[in-house]
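Taking it in order: structure first as structure tokens, then the write-up.
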């Protein structure tokens, strides 16, 4: 409430007499294209690294999640003979191996007992949510779908299962599925397939970082966190980048609802043996529950 007679300023300030300011956010010119599929096991395992990359460096780029069309349907011929995949049951040992190696749990028995017949229905729903809402909300749906499939053995080619998943993120599952099953659902999916071809992507997961001159880098498969940072540096032509601080565990768990131990380890650079004590330090007991599945701990938000 005190005004300075010399400067004419009411309040405490260290501002110069006159300065130029710009309230416009700098335009993000880098596009990140993440080519993926709801039933891609390696896409599930890179979630810890990709989340941290986006949380800390997402202010440099726009994220575009693109569906790749991993499985239209099973048929009598080989699906992926190079990897010994001829029928659904052949996928189970591969999934289990991926889950054990990455420590992002994958049960895999569903693919034997009640196999997913196609990844297209889940992908079409993703596209409708992305169109009607946002990429951010569509990614929330995709996360819930992967949890359902890989961890909790739910068949995400079943429309009733998908409806429950969409409802769980606060949207109208029946309405969105009805629209996804109309021609527009496949049309949007085909547009993604066309983009995948333009990006020369032949495997999942693939991340393409592209600048305004349509030049960039393509990173296929799961890579260490530093690998993606280095790719972004190359695209931006910078030797150093300014990362944002990692979100607090409280805010991250509130947003994500469920986090596996590996995701916390990657986000906060801690060892597996340190996770429980870190969680206890960062969160109050009423904020979370600790559970275990397939030999891995995970934490759910009680908010």
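Within region 264-303, the only residue that satisfies the criterion of being at positive phi and surrounded by 12 or more Cβ atoms within 10 Å (Cβ to Cβ) is 294. Restricting attention to region 165-181, the residues being part of a helix (DSSP H, G or I) and within 22 Å of the chain's Cα centre (by Cα) number 8. Residues in region 72-103 that are closer than 22 Å to residue 161 by Cα and buried (at least 18 other Cβ atoms within 10 Å of the Cβ) were compared, and the one that is modelled with the lowest pLDDT is 88.
Comparison of 122, 89 shows that the only residue that is under 28 Å from residue 266 (Cβ atoms) and touching a helix residue (DSSP H, G or I) at 6+ places or on another chain (Cβ under 6 Å) is 122. Taken over region 204-229, the criterion of being surrounded by 12 or more Cβ atoms within 10 Å (Cβ to Cβ) and over 13 Å from residue 49 (Cβ atoms) is satisfied by 204, 206, 208, 209, 210, 211, 216, 217, 218, 220. The set of residues in region 148-160 being surrounded by 19 or more Cβ atoms within 10 Å (Cβ to Cβ) and assigned to a helix (DSSP H, G or I) consists of 148, 149, 150, 151. For region 122-137, a residue qualifies if it is surrounded by fewer than 21 Cβ atoms within 10 Å (Cβ to Cβ) and in contact (Cβ under 8 Å) with a residue 12 or more places away in the chain, and the qualifying residues are 131, 132, 133, 135, 137.
The values are calculated or read from the model by the stated rules, or taken from the named source; none is laboratory data. Since this is a predicted model, take the numbers as computed values, not measurements. All Cβ positions, even for glycine, are placed from backbone atoms using ideal geometry, and neighbour counts span all protein chains on display.
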